[in-house]
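Working notes, structure below.
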Amino acid sequence: MKIHEYQAKQILAKFGVQVPRGEVVETPEQAREIATKIGGKVVLKAQIHAGGRGKAGGIRVANSPEEAEKLAREMLGMKLVTYQTGPEGRIVRKLLVEEALEVEKELYLGVVIDRAKEAAVVMASPEGGVEIEKVAAEKPELIFKEYVNPATGFLPFQARKLAYKLGLSGETHKQAVKFISSLYKAFEATDASLAEINPLIVTTKGDVLALDAKMNFDDNALPRHPEIQAMRDIYEESPLEVEASKYNLNYIKLDGNVGCMVNGAGLAMATMDIIMHSGGMPANFLDVGGGVSEEAVTNAFKILVADKDVKAALINIFGGIVRCDLVARGIVKAAKEVGLKVPMVVRLQGTNMEEGRKILAESGLQFYSAETMKEAAEKVVSLVKGENQ
């Protein structure tokens with residue numbers, strides 16, 4: 001799960017991470033009020049789940065409370081399009097009004113899980129304000145890493161080492177050590193999958209603060225953190241992903257035009273791979289799970305055909321725990337309710353597969369059947385291309 005910058009800063013501040021003074025607002029009048037409270041120059045930052053806000057006009061500077069109100073009036077409700085939002089953009093519903101700081105250095109600091117090393121890694125770089133992927137590609141020697149031993153945790157000497165490599169000294173170095181340690185504590189305590197400060201700034205006074213903050217969380221751990229779960233903003237998610245989450249379905253929107261409905265993440269990955277191998281492009285990742293019910297299949301089918309980008313769909317089910325006849329009934333029920341809007345290829349293998357195929361054949365609806373994954377993928381791709389109609 002992703003959260004907004006202002007929410008990440010609220011969490012980090014509880015763990016001792018230094019953040020600028022500021023508050024989130026939803027009206028121009030509130031922006032003026034907060035700017036008056038802060039005093040002096042303020043920065044208005046659009047709160048959306050995407051980077052690249054500054055270049056797209058989502059970060060503006062106001063020199064007075066009156067100007068803050070004027071800019072907020074322009075920004076609230078605007079559609080912000082960045083390199084991460086895609087052409088559809090995001091509607092700005094909230095702004096973070098924050099004190100403007102005199103910046104001397106922009107650095108990078110982040111904590112993430114390195115799955116290859118099976119450990120958390122704290123990364124720092126003097127190249128702040130730049131996407132870390134770009135730094136990794138162009139100047140990998142400027143990314144410093146400290147891996148965290150799960151048995152000992154993140155140790156003080158590791159924080160000191162990173163602060164030295166960032167070229168910091170004196171009181172600024174001491175602040176940075178505390179900052180780095182506090183960031184890791186927040187990451188670990190909240191079951192985060194990412195905690196990123198970019199840029200981490202050193203002010204002209206030598207203070208160390210998080211000018212921006214980004215945090216993502218492991219969905220499986222959210223029940224342990226209801227206060228974080230409550231921060232979810234469904235306006236920032238795909239409507240179909242939100243709908244899928246209501247039924248505990250795993251759905252991710254992709255860029256292709258071949259819909260995929262499967263049971264099991266491994267089968268989902270294999271299905272997407274073979275569709276691409278056959279010349280197609282998956283439109284989604286839709287996993288109904290291993291112990292799926294008829295109701296879940298019905299809802300999954302409705303979500304599948306609701307995607308306007310889907311030109312044909314492949315339902316690939318392996319009946320291990322789940323019964324193929326149960327899946328077939330769910331498919332037929334949903335198809336009769338919403339209609340077969342696109343060609344549908346169905347592959348049923350495993351428990352009660354013959355009964356499931358019979359249900360589909362006698363439904364009075366046109367389903368294309370397939371025995372093997374190769375046959376299913378080739379058939380659905382040919383249907384997308386307008387062949388075999």
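The values are calculated or read from the model by the stated rules, or taken from the named source; none is laboratory data. Because the structure is predicted, anything quoted here is derived from the model rather than measured. Positions of Cβ are generated from backbone atoms using ideal geometry, with glycine treated the same way; all protein chains shown enter the neighbour counts.
Scan the strands (runs of 3 or more DSSP E) fully inside segment 181-220 and keep the ones with 1 or more residues being under 17 Å from the mean Cα position of the chain (by Cα).
Where strands (runs of 3 or more DSSP E) fall fully within segment 181-220 and carry at least 1 residues being under 17 Å from the mean Cα position of the chain (by Cα), they are 192-203, 214-217.
Here's a check for you: in segment 306-320, which residue that is within 17 Å of Met281 (Cβ to Cβ) and either of a type outside the set (S, T, N, Q) or out of contact with any Lys or Arg (no Cβ under 9 Å at 6 or more places or on another chain) (or both) is surrounded by the fewest Cβ atoms within 10 Å (Cβ to Cβ)? I'd like the intermediate steps shown before the answer.
Kept after step one, since they are within 17 Å of Met281 (Cβ to Cβ), are these residues of segment 306-320: 307-314, 316.
The next check asks that each one be either of a type outside the set (S, T, N, Q) or out of contact with any Lys or Arg (no Cβ under 9 Å at 6 or more places or on another chain) (or both); those that pass are 307-314.
On the way: Asp307: 21, Lys308: 9, Asp309: 14, Val310: 20, Lys311: 20, Ala312: 22, Ala313: 27, Leu314: 30.
Filtering first and then ranking leaves Lys308.
For residues in segment 279-295 being surrounded by fewer than 22 Cβ atoms within 10 Å (Cβ to Cβ) and within 16 Å of Leu348 (Cβ to Cβ), which is nearest to the chain's Cα centre (by Cα)?
Looking at residues that are surrounded by fewer than 22 Cβ atoms within 10 Å (Cβ to Cβ) and within 16 Å of Leu348 (Cβ to Cβ), I get Gly290.
Could you identify the single residue in Arg357, Arg323, Arg347 that is among the charged types (D, E, K, R), in contact with a helix residue (DSSP H, G or I) (Cβ under 6 Å, 6 or more places away or on another chain), surrounded by 17 or more Cβ atoms within 10 Å (Cβ to Cβ) and at negative phi?
Residue meeting the stated conditions: Arg347.
Those residues that are of a type in the set (Gly, Ala, Ser) and either under 24 Å from Met272 (Cβ atoms) or touching a Cys at 6+ places or on another chain (Cβ under 9 Å) (or both), I need them from segment 314-358; list them, please. Steps first, please.
Our first condition is that a residue be of a type in the set (Gly, Ala, Ser); within segment 314-358, this holds for 319-320, 328, 330, 334-335, 339, 350, 356.
Within segment 314-358, Gly319, Gly320, Ala328, Gly330, Ala334, Ala335, Gly350, Gly356 meet the criteria.
Taking segment 27-58 as the region of interest, how many residues are within 16 Å of Leu80 (Cα to Cα) and assigned to a loop (DSSP other than H, G, I, E, B)?
12
Does segment 202-229 hold any residues that are more than 17 Å from Lys45 (Cα to Cα) and either among the hydrophobic types (A, V, I, L, M, F, W, C) or not assigned by TED's automatic domain parsing to the domain that holds Ala120 (or both), and which are they?
Result: Val202, Val208, Phe217, Ala221, Leu222, Ile228.
Inside segment 207-241, can you point out the residues that are modelled with pLDDT under 95, more than 14 Å from Ile3 (Cα to Cα) and buried (at least 16 other Cβ atoms within 10 Å of the Cβ)?
Result: Leu240, Glu241.
Return the residues of segment 100-112 that are assigned to a strand (DSSP E or B) and surrounded by fewer than 16 Cβ atoms within 10 Å (Cβ to Cβ); say none if nothing qualifies.
Residues satisfying the conditions are Val103, Glu104.
Counting only residues that are in contact with a Phe, Trp or Tyr (Cβ under 8 Å, 6 or more places away or on another chain) and assigned to a helix (DSSP H, G or I), which one in segment 247-268 is surrounded by the most Cβ atoms within 10 Å (Cβ to Cβ)?
For segment 247-268, the residue satisfying everything is Ala268.
Within segment 349-389, work out how many residues are touching a residue at least 12 places away in the same chain (Cβ under 8 Å) and of a type in the set (Gly, Ala, Ser).
7
Using the structure shown, decide if Ala244 is closer than 30 Å to Lys105 by Cα, touching a residue at least 24 places away in the same chain (Cβ under 8 Å) and buried (at least 17 other Cβ atoms within 10 Å of the Cβ).
Values: closer than 30 Å to Lys105 by Cα: no; touching a residue at least 24 places away in the same chain (Cβ under 8 Å): yes; buried (at least 17 other Cβ atoms within 10 Å of the Cβ): yes.
So Ala244 fails the test.
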